[in-house]
1. When you scan region 6-28, how many residues do you find that are free of Cβ contacts under 8 Å to residues at least 60 places away in the same chain and more than 17 Å from residue 80 (Cβ to Cβ)?
2. Output the number of the condition that residue 231 fails; it satisfies all remaining conditions of (1) out of contact with any helix residue (DSSP H, G or I) (no Cβ under 8 Å at 6 or more places or on another chain); (2) surrounded by fewer than 17 Cβ atoms within 10 Å (Cβ to Cβ); (3) more than 20 Å from residue 131 (Cα to Cα).
3. Just checking, which of 16, 27, 8, 51 is at pLDDT 85 or above, closer than 30 Å to residue 77 by Cβ and surrounded by 11 or more Cβ atoms within 10 Å (Cβ to Cβ)?
4. Kindly indicate whether residue 217 is modelled with pLDDT of 80 or more and touching a strand residue (DSSP E or B) at 6+ places or on another chain (Cβ under 8 Å).
5. Quick one: how many residues across region 43-64 are within 30 Å of residue 104 (Cβ to Cβ) and outside any helix (DSSP H, G or I)?
6. Applying the selection to region 123-152, what residues are part of a loop (DSSP other than H, G, I, E, B), touching a residue at least 12 places away in the same chain (Cβ under 8 Å) and under 27 Å from the mean Cα position of the chain (by Cα)?
7. Of all residues in region 296-329 being closer than 22 Å to residue 248 by Cα, over 15 Å from the mean Cα position of the chain (by Cα) and modelled with pLDDT of 90 or more, which is surrounded by the most Cβ atoms within 10 Å (Cβ to Cβ)?
8. Which condition number in (1) at pLDDT 90 or above; (2) surrounded by 14 or more Cβ atoms within 10 Å (Cβ to Cβ); (3) not in a helix (DSSP H, G or I) is the one that residue 116 fails?
């Protein structure tokens with residue numbers, strides 16, 4: 001129990017120190033890069049904007065910084081010969097490793113909570129919803145186009161074409177429209193109705209009209225701009241609405257799974273560090289930092305590539321989003337099997353450690 005408290009305490013201390021150091025570094029770099037432009041324009045620095053960037057940077061850097069903290073802990077334990085002492089006490093290295101996995105799981109939960117609570121608020125403060133031009137939505141049974149959309153619920157010059165259940169085609173144009181809870185309130189427009197053969201059967205003008213559509217203002221707002229500011233619940237709602245009108249939800253499926261997959265990189269990066277627990281040479285801080293960033297860059301590249309291919313439909317969503325996790329599990333499993341099949345008895349390894357001492 002003392003060993004567990006000690007290792008977790010050391011890990012969380014290093015994790016906090018690494019995160020604060022890199023967040024401070026990124027803050028200084030951002031301020032220095034913006035300072036010449038601000039001085040030229042004779043305007044003040046937007047400190048609030050910098051502070052809102054911190055949660056987003058924390059989430060983006062969390063896997064590599066968690067991995068870096070775990071390797072720092074391992075390095076310090078090697079320098080103080082603590083791993084040898086634990087092995088001599090009958091504690092196998094993998095029992096030391098489970099404490100790091102517990103720390104990685106805790107980091108995963110923290111990143112997930114920050115990404116679901118603080119990050120959406122920060123993203124919307126940095127990039128608030130603004131007026132959009134030419135918002136368009138098209139499905140097999142519905143076409144909607146508006147010349148301007150003003151969040152949260154007002155559009156101008158809207159055009160709608162909808163295939164009705166009986167096969168008729170309903171079309172309309174209106175100069176303005178407001179979304180009210182579960183219906184659209186249209187103003188100053190013109191409607192047409194065609195039979196399945198394409199003949200005009202009804203035509204009318206209106207000053208005000210209530211219209212039920214399976215399209216909400218929230219869909220227009222978040223489909224017209226980035227979905228990074230959405231929570232999982234909002235993404236699920238938009239996905240249901242898209243499926244309801246017959247549109248593909250491939251991108252949303254990838255985004256929803258990504259909200260779980262990215263925080264879990266904190267745990268899976270530590271899982272990828274398994275070979276270091278059988279490393280018998282002391283590691284320098286330069287090697288630890290260099291390897292951490294190199295390994296993270298490779299994983300980020302594969303992760304980004306998988307996400308992009310999944311969103312474009314070139315890979316199944318599950319494989320594209322979870323490709324790095326699958327590779328890490330396979331690599332850790334292969335290494336564990338190779339180590340088990342090596343035939344090296346634990347007493348012999350401890351003898352090597354004593355001889356090295």
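The values are calculated or read from the model by the stated rules, or taken from the named source; none is laboratory data. Fair warning: this is a prediction, and the values are worked out from it, not measured in the lab. Note that each Cβ is placed from the backbone with ideal geometry, even for glycine, and that neighbours are counted across all protein chains shown.
1. Of the residues in that region, 13 qualify.
2. Result: residue 231 fails condition (1) only.
3. 16
4. Yes; evaluated as a whole, the condition is true for this residue.
5. Step one: filter region 43-64 for residues within 30 Å of residue 104 (Cβ to Cβ), giving 50-64.
Then keep just the ones that are outside any helix (DSSP H, G or I); that gives none.
Residues flagged as within 30 Å of residue 104 (Cβ to Cβ) and outside any helix (DSSP H, G or I) within region 43-64 amount to 0.
6. Listed by number, the residues that qualify are 127, 129, 130, 131, 151, 152.
7. Checking each candidate, the answer is 309.
8. Evaluating residue 116 over (1) at pLDDT 90 or above; (2) surrounded by 14 or more Cβ atoms within 10 Å (Cβ to Cβ); (3) not in a helix (DSSP H, G or I) leaves (3) as the failure.
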